[in-house]
Amino acid sequence: MNGLAGLDWLVIGLYFAALVVVVWWSSKKQDTSADYFLAGRNMGWFVIGGSLFASNIGSEHIVGLAGSGASTGMAMAHWEMHAWVMLLLGWVFVPFYYRAKVFTMPEFLEKRFDSKVRWILSVVSLVAYVFTKVSVTVYAGAIVFRTLLPDLQLTLFGQVWGPFWIGAFSTVILTGIYTVFGGLRAVLFTDTAQAFILLIGSFFITFFGLKALGGWGELQAVCSDRAAEMALWRPMVQAGSDIPWWKNGDFPWAGILIASPIIGIWYWCTDQYIVQRTLAAKNLQQARRGAIWGAFLKVWPVMIFLVPGLIGWALNQKGLMAIPAKVVDGVTVSAIDGDQVFATMVMSLLPPGLRGLVVGGLLAALMSSLSSLFNSCASLFTVDIYEKLRPNQSEKHLVTVGRFATTIIVLLGMAWIPVMYKVAGGGLYQYLQSVQGYLAPPITAVFLLGLFWKRINSKGAMWGLVSGFLLGMFKLTVQAIYGEGKGASGTFLANLADFSFLYFSGVLFVISIGTVVLVSLLSPAQDAESIKGLTYASLDKQDVRSSIGKFDVILTAATLALVLGMYLYFSFWLKG
């Protein structure tokens, strides 16, 4: 495996120099909280769409998706077909959010319901961000460092630190600095550039990988030997297995159809981490168009991240490239380490210069995800918690608090690294997928019901969120203690632990809906005037229609055609 050449380091250095210039420029335009958290609400659709794409496609996404391609084939492609859910963000959800003039999603729920609902969503979101998204993003970035610079060492405080820890700490610190000083404007502009670096770099990975392998036909031929494992649609019961359908964790088609939309709507349409970008738009049309542009970009990760994982596995099978084995606590648990597939391909296949560009893209992906997360956490804490506890503070004071909150998030992320490092050896990526399956259902239920049924009130929303969150965390706790043979087989808790998170997401969604509806109907309705413009029935539809342009419709149609085309192709690609 080739090391980084001088030209590679030059390209990486130029990238970081450009980053410093952008942050310096952005830091001069942070006079108000709207400047810091929403970039002055003056962003155009192109920048917003690029930021939506780059915020989602972080290093953990690249590492995890390529690794999934190498180990499980096309199973995770369903989550990458969520471009249609992003279209829902632009066409359905954004008009409510933008017209409400809110900074955060909890703030929107307060306007639709009350302050209790806002507090619940704020706390749940912050806890989830710190202990899931920060940890997995940093872990994946550290894995990239370990693969790219295996000999990197630093002696500090009498301890020798290897490439994993150097990569983890340096990227968290650097990203924290530019997010603290640059605010959302720095995040948006750097995200846009990083999105295209990722697209270009990953295209060349696919190109050179297929060239080394012998073309697309050869990839199909090699993968056909594992057609059942590589397929997009998996059976409800695995062939030759005595595992019942409700315990099948191999992404069965029914579980995918149930869980994927629930998780997708939560992530793309209600999560502060994503939606904050559209709130920075200069007007409703730009906000919608930014979401549609982001949806168009979202279609391509299947080809540029998941397929390279398949190519890497095929190259390893044919002896054309060596992927390191997966070792946990000194024991080899798998012939290949999926997490190292993408970085190994970068170092083995690409020429100098281009290799540096892609390495810069990998570092950019890590920093992009972390910067988006840090800024979203700062917004949630400052607007939804601090400003409620200490109202009537000056704009400069709120920006300072936002920067302080970002710093705390950085420190918490660093403190969690040692714990996360130990946990990740047992399959952190799968763990995080299940966490999303337990967090998403109550939030998705409350937002959908709240927008489309005016009879839903604050009591129903509050009890739906609380009961759904507690049930989800109970399932996660039972899974950690009793799952996968840890408890007595056949007991209720052991069976609950092994109940697939894909199906449990659906069960939790139905329970959350039932709770919200029942409690709402048993308590007085909200005053119609207080929720004017916050439900579909009271939205000014003519005003919304007037903001729709032909370009929005054309780009939407092209995106849907791409999604449908990919579904049709990959449903049959291994069947000849």
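The values are calculated or read from the model by the stated rules, or taken from the named source; none is laboratory data. Keep in mind the model is a prediction, meaning the values are calculated, not measured. Neighbour counts are summed over all protein chains in view; Cβ atoms, including those assigned to glycine, are modelled from backbone coordinates with ideal geometry. In case anyone asks, the SASA skips ligands and DNA or RNA and just uses the protein heavy atoms, side chains included. Shrake-Rupley method; radii C 1.70, N 1.55, O 1.52, S 1.80 Å.
Per residue, the accessible area of the range 97-147 comes to 28 Å² when a 1.4 Å probe rolls over the protein heavy atoms.
Relative to the current alpha-carbon distance between K211 and I173, full extension at 0.36 nm per residue lengthens the span by 9.9 nm. Highest mean packing first, where packing is the average number of other Cβ atoms within 10 Å per residue, the peptides 459-471, 216-228, 338-350, 160-172 line up as 338-350, 459-471, 160-172, 216-228. Phi angles across the range 527-537 convert, under the Karplus curve 6.51 cos²θ - 1.76 cosθ + 1.60 with θ = phi - 60°, into 3J(HN,Hα) values of 5, 4, 5, 5, 10, 4, x, 10, 10, 4, 5 Hz, Gly and Pro given as x.
The Cα center of the range 528-550 and the Cα center of the range 210-263 differ in position by 42 Å. For the pair I200 and D242, what calculated FRET efficiency results from E = 1/(1 + (r/R0)^6), where r is the Cβ-Cβ distance and R0 = 41 Å, to the nearest 0.05? Computed FRET efficiency for D242 and I200 comes out at 0.30. With a Förster radius of 22 Å applied to the beta-carbon distance between I408 and A480, the computed FRET efficiency rounds to 0.25.
Per residue, how much accessible surface does the range 203-243 expose to a 1.4 Å probe? Answer in Å², no decimals. On a per-residue basis, 55 Å². Computed on protein heavy atoms with a 1.4 Å probe, the accessible areas place L521, L199 in the order L521, L199, largest first. Modelled this way, with points 7 Å down the Cα-to-C-beta line, the labels at L560 and V507 are 3.5 nm from one another. Ranking T382, T515 by solvent-accessible area of protein heavy atoms (1.4 Å probe, all protein chains present), from largest to smallest, gives T515, T382.
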